[in-house]
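Working notes, structure below.
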Amino acid sequence: MIREVTQNDAAAIAGIYNYYVEKTIITFETETVSTTGMQERIASISSPYPYFVYEVDGRVVGYCYATLWKKRQAYHHTVESAVYVDPGSRNKGIGRALMQRLIYTLKQISVHAVIACISIPNPESIRLHESLGFEKVSHFREVGWKLNIWVDVSDWELLL
């Protein structure tokens with residue numbers, strides 16, 4: 001089941017996200033996020049933009065949201081998307097379902113472009129985004145240092 005996020009989801013979302021913080025290059029954050037910190041993020045993101053969770057048997061196993069891509073006014077109709085799935089629930093269509101719901105909702109609120117910033121390598125995310133119509137529009141080499149390696153980043157864009 002996909003539904004809108006609530007503050008009660010913060011601990012589950014922090015748990016999913018912190019796995020990626022500690023074990024992967026998928027996020028460039030290096031410090032875990034507390035439940036309170038995640039509640040603050042949820043409040044600031046979900047007020048102006050869509051933010052969804054995916055539940056299985058009452059347990060949050062994935063989430064996605066859109067947020068402001070850049071602050072300048074001319075970017076008003078462009079957002080950045082993010083999607084995370086619990087490691088034990090990956091490759092089950094959860095990320096796809098979340099992103100489809102997000103894209104549908106963004107169309108309803110007159111968003112024109114969605115940007116997905118993907119750390120490389122991340123073949124699962126690339127496949128997901130390409131299957132949804134995103135196209136690679138940039139590639140930055142060695143812009144992040146995490147887990148003792150230099151990490152590339154690519155931007156993928158979907159025009160709605």
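The values are calculated or read from the model by the stated rules, or taken from the named source; none is laboratory data. Since we're looking at a predicted model, the values are computed, not measured. We place every Cβ from the backbone using ideal geometry, glycine too, and count neighbours over all the protein chains shown. Heads up: the accessible areas ignore ligands, DNA and RNA and are worked out on the full protein's heavy atoms, side chains in. Shrake-Rupley method; radii C 1.70, N 1.55, O 1.52, S 1.80 Å.
Some observations on this one:
- Candidate set: the range 93-107, residues that are in a helix (DSSP H, G or I) and of a type outside the set (A, V, I, L, M, F, W, C); chosen: the one nearest to Tyr17 (Cα to Cα): Gly95
- Matching residues, the range 98-111, being out of contact with any Leu (no Cβ under 6 Å at 6 or more places or on another chain), touching a residue at least 24 places away in the same chain (Cβ under 8 Å) and surrounded by fewer than 14 Cβ atoms within 10 Å (Cβ to Cβ): Ile109, Ser110
- Checklist (1) surrounded by 14 or more Cβ atoms within 10 Å (Cβ to Cβ); (2) among the hydroxyl-bearing types (Ser, Thr, Tyr); (3) part of a strand (DSSP E or B) applied to Ser138, failing item: (1)
- Verdict on Ser131 being under 13 Å from Glu157 (Cα atoms), open to solvent by 30 Å² or more (accessible area, probe 1.4 Å) and more than 15 Å from the chain's Cα centre (by Cα): yes
- Restricting the range 123-151 to residues that are touching a strand residue (DSSP E or B) at 6+ places or on another chain (Cβ under 7 Å) and in contact (Cβ under 8 Å) with a residue 24 or more places away in the chain leaves a set whose member that is nearest to Arg90 (Cα to Cα) is Ser125.
- Test set (1) open to solvent by less than 50 Å² (accessible area, probe 1.4 Å); (2) assigned to a helix (DSSP H, G or I); (3) among the charged types (D, E, K, R) - Glu55 fails condition number: (2)
- Residue count for the range 35-50, restricted to those that are open to solvent by less than 70 Å² (accessible area, probe 1.4 Å) and in contact with a helix residue (DSSP H, G or I) (Cβ under 8 Å, 6 or more places away or on another chain): 7.
A quick yes/no check of all residues on (1) within 30 Å of Trp150 (Cβ to Cβ); (2) modelled with pLDDT under 95; (3) open to solvent by 30 Å² or more (accessible area, probe 1.4 Å); (4) assigned to a helix (DSSP H, G or I):
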residue	(1), (2), (3), (4)
Val21	yes, no, no, yes
Tyr65	yes, no, yes, no
Lys71	yes, yes, yes, no
Asn91	yes, yes, yes, no
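- Here the condition is being over 15 Å from Glu80 (Cα atoms) and loosely packed, with under 13 Cβ neighbours inside 10 Å; of Ile149, Ile120, it holds for Ile149 alone.
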